[in-house]
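Have a look at the structure below before the remarks.
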Amino acid sequence: MGWVDLLSDFPVSSYREPGSIPPTPFRNPYPVTTADDFVIQFIQDKGLVSSALVSEAREALGAIPDGQNPDTLAIAKLVETGKVTWAVICKALGKEFDMEVVDLAQVSPAEELLKLISREQAERHNILPLQMDGVELLVAISDPLDTETLDSLSRVLKLTLNPKLAPPDELKSAINRCYGGGAVNVSYEDVFGKSEDGMSVDLPQGGEVKEDDAPIIRYVNSLIVDAIRRKASDIHLEPLEKRFRVRFRIDGVLQEMKGPPKRLQASVISRLKLMAEVSLAEKRIPQDGRIQARTGGRDIDLRVSVLPTVYGESIVMRILDKEGLKLGLPELGFFADDQAKFQGLISGSDGVFLVTGPTGSGKSTTLYSALNYINKPDRKIITVEDPVEYQMAGINQVQVKRDVGMTFAAALRAMLRQAPNIVMIGEIRDLETAEISINAALTGHMVFSTLHTNDSVSAVTRLVDIGVKPFLVSAALRGALAQRLVRRVCQACAQPYKPTAKELYTIGMSEQDIAGATPMKGAGCPKCNERGYKGRRGVFELFVITEEVQEMIYGGATLVALRRKAREAGMRTMREDGQRKVASGMTTIEEVMGATVADDVL
């Protein structure tokens, strides 16, 4: 393997970003190749390290074990001590050999490709199949000089191999993940054992972990790390009759991963319950907990929900990157005209602004982005949330604690005594919270909150249904934004696409609507896991409260009448906003159809 082999395996609990220094003691158990003689000279010639550092690394090795190449050990030592990283070496080699360097963080090869190259071959030659294109197989390698392996595999498979370069540590992690259930630097056999016997793990009530329990701990840690690296929003562990299913929700879509054997279900669930600090003994009622983790220098919170089912306890973990939300308003998916209206509403000095939609539609992200936009040194902003999902500099954030009486309403009363300019309430759920919010808006505060309604205009009738007087709603409400999330076409593999007349008809468009536009579709590539989509954007319906609308609310107008008036004033529905985003190439007809309803249904 030579220079392409990793310095050593290291535990997932100490996982760091690719290219960082592995925390384990220095060792190199891999065989010798002459490629390292070239590489160590290459990195000196390119100025990546000095000859003095190379000499220092060689001196630090001491006695060289039999069968080991000093250059192999010296390169590994330089990486271990942080003088250079695998990623930097790989980038330089890619430029030298005119080879593309690929990002393996979210690569997920098809099962058929993994059968072409066995796990043993992949680990022995440090090679990973990525994508099939006719008779050409795209593969990731970490040693550009290992042409013998490529030639041999090409003859055996009767395929042309198109090699791409990847840092050896990332490639080894990707091989373990793709072939072995998502572990990072931990093989499937290491975690689960090779036989049904001798693999019984019981986690004690006191939380002490025995040496025999380490494989379960490594698996749970690797599962969480893998979900974070894939940018998943949820981890679902679901006990079924004959298997234990693991799924990640990525870009709003559940994707099944390789799960542990059914026999390890109880041990994995017990480990997660222990980490979430919920009762291990209680298996009859739902429980909620939280796991705090740190990976890649970031603090991650996982909200854990445990639900008893027929075949065991189901666990869903919501991943919250507390420091990772740095979205501006354009990144939400606004077009310029809607963004200008939105900025005008949220920049007001008083009133209530609501974001509506079902669970998982991005309401909190939109509110945080709005607060980030208006967060200025001359404004005091206080939020009350359950839970505090993201930490924002310069903002006072309050956590709801119902067990001690810190409810939304109680926190809101106390917040108003702090003389804030802007107040954000996680959700208006009851009359008490709604009334305090309205009164705060009427006394000179700008109030942001969320409501669970299907569209923006329904926010008015929802507040009235809760019990707020119509004259208070008309006086305090400034606007409401309804939204849904649609997957964005992958920018790496996007191709122009002409929808058929039938497809246009289903979404309410015509060929004239896309004249001069460029709808796009993703062809599928390693960056988007061959799905054609990467990331999500919002489709919006912005309801602005005008004087005419205020009079209608005060007079008890129906939802239909309010919607008709809003449309006359220029409000676009979510379906219409989705149509514009299809024409612009941001998303596809299928995504908009799945996220919105036809306007005549409303």
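The values are calculated or read from the model by the stated rules, or taken from the named source; none is laboratory data. Since the structure is predicted, the reported quantities are computational estimates derived from the model, not experimental observations. Positions of Cβ are generated from backbone atoms using ideal geometry, with glycine treated the same way; all protein chains shown enter the neighbour counts. Heavy atoms of the whole protein, side chains included, go into the accessibility calculation; ligands, DNA and RNA do not. Shrake-Rupley method; radii C 1.70, N 1.55, O 1.52, S 1.80 Å.
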Among the residues that make up the range 394-408, is at least one of them within 35 Å of the chain's Cα centre (by Cα), assigned to a helix (DSSP H, G or I) and either surrounded by 22 or more Cβ atoms within 10 Å (Cβ to Cβ) or on the phi > 0 side of the Ramachandran plot (or both)? yes
Got a sec? Which of SER347, SER361 is under 30 Å from ARG572 (Cα atoms), at pLDDT below 90 and either exposed (fewer than 14 other Cβ atoms within 10 Å of the Cβ) or among the polar types (S, T, N, Q) (or both)? SER361
Among the residues in the range 217-230, are any of a type in the set (Phe, Trp, Tyr), in a helix (DSSP H, G or I) and at pLDDT 85 or above? yes
Would you list the helices (runs of 4 or more DSSP H) that sit entirely within the range 47-163 and hold 1 or more residues that are surrounded by fewer than 19 Cβ atoms within 10 Å (Cβ to Cβ) and modelled with pLDDT of 80 or more? 51-61, 86-96, 111-116, 119-125, 147-157
Output the residues belonging to the range 240-267 that are assigned to a strand (DSSP E or B), open to solvent by less than 10 Å² (accessible area, probe 1.4 Å) and more than 19 Å from ARG303 (Cβ to Cβ). PHE244
Taking first residues from the range 424-437 that are under 19 Å from SER364 (Cα atoms) and of a type in the set (A, V, I, L, M) and second residues anywhere that are open to solvent by 20 Å² or more (accessible area, probe 1.4 Å) and assigned to a helix (DSSP H, G or I), the pairs with Cβ under 7 Å that are 6 or more apart or on different chains are ALA434/ILE466
Quickly run through the range 449-466 and pick out the residues that are surrounded by 19 or more Cβ atoms within 10 Å (Cβ to Cβ) and either aliphatic (A, V, I, L, M) or in a strand (DSSP E or B) (or both). SER449, THR450, LEU451, VAL457, ALA459, VAL460, LEU463
Residue hits (the range 281-299; assigned to a strand (DSSP E or B) and at pLDDT below 80) are ALA293, ARG294, THR295, ARG298, ASP299
Hits in the range 563-589 - residues which are of a type in the set (A, V, I, L, M, F, W, C) and farther than 19 Å from GLN491 by Cβ: ALA566, ALA569, MET571, MET574
The range 467-494, subset without any contact (Cβ under 8 Å) to a residue 40 or more places away in the chain and out of contact with any Asp or Glu (no Cβ under 7 Å at 6 or more places or on another chain), residue most open to solvent (accessible area, probe 1.4 Å): LYS469
If you scan the range 496-509, which residues turn out to be in a loop (DSSP other than H, G, I, E, B) and open to solvent by 80 Å² or more (accessible area, probe 1.4 Å)? LYS498
Which of the following residues is in contact (Cβ under 8 Å) with a residue 40 or more places away in the chain and open to solvent by less than 50 Å² (accessible area, probe 1.4 Å): MET446, MET415? MET446
Scan the range 112-120 and tell me whether some residue there is closer than 10 Å to ALA166 by Cα and among the acidic types (Asp, Glu). no
Can you pull out the helices (runs of 4 or more DSSP H) entirely within the range 532-602 that have at least 2 residues that are acidic (Asp, Glu)? 547-554, 574-583, 589-595
Does the range 400-453 hold any residues that are aromatic (Phe, Trp, Tyr) and either in contact with a Ser or Thr (Cβ under 7 Å, 6 or more places away or on another chain) or modelled with pLDDT under 90 (or both), and which are they? PHE408
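Results for (1) open to solvent by less than 70 Å² (accessible area, probe 1.4 Å); (2) touching a Leu at 6+ places or on another chain (Cβ under 9 Å); (3) farther than 16 Å from THR461 by Cα; (4) modelled with pLDDT of 90 or more, shown as yes or no for each residue.
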| site | (1), (2), (3), (4) |
| --- | --- |
| GLU511 | no, yes, yes, no |
| GLY516 | no, no, yes, no |
| PHE543 | yes, yes, no, yes |
| GLU547 | no, no, yes, yes |
Counting only residues that are over 30 Å from ILE300 (Cβ atoms) and of a type in the set (D, E, K, R), which one in the range 325-344 is most open to solvent (accessible area, probe 1.4 Å)? LYS341
If you go through the range 550-569, how many residues are of a type in the set (A, V, I, L, M, F, W, C), in contact (Cβ under 8 Å) with a residue 60 or more places away in the chain and open to solvent by less than 30 Å² (accessible area, probe 1.4 Å)? 3
Residues satisfying the stated conditions in the range 570-602, i.e. over 26 Å from VAL549 (Cβ atoms), surrounded by fewer than 24 Cβ atoms within 10 Å (Cβ to Cβ) and among the acidic types (Asp, Glu): GLU590
Output the number of residues of the range 310-324 satisfying the condition of being open to solvent by 60 Å² or more (accessible area, probe 1.4 Å) and modelled with pLDDT of 90 or more. 3
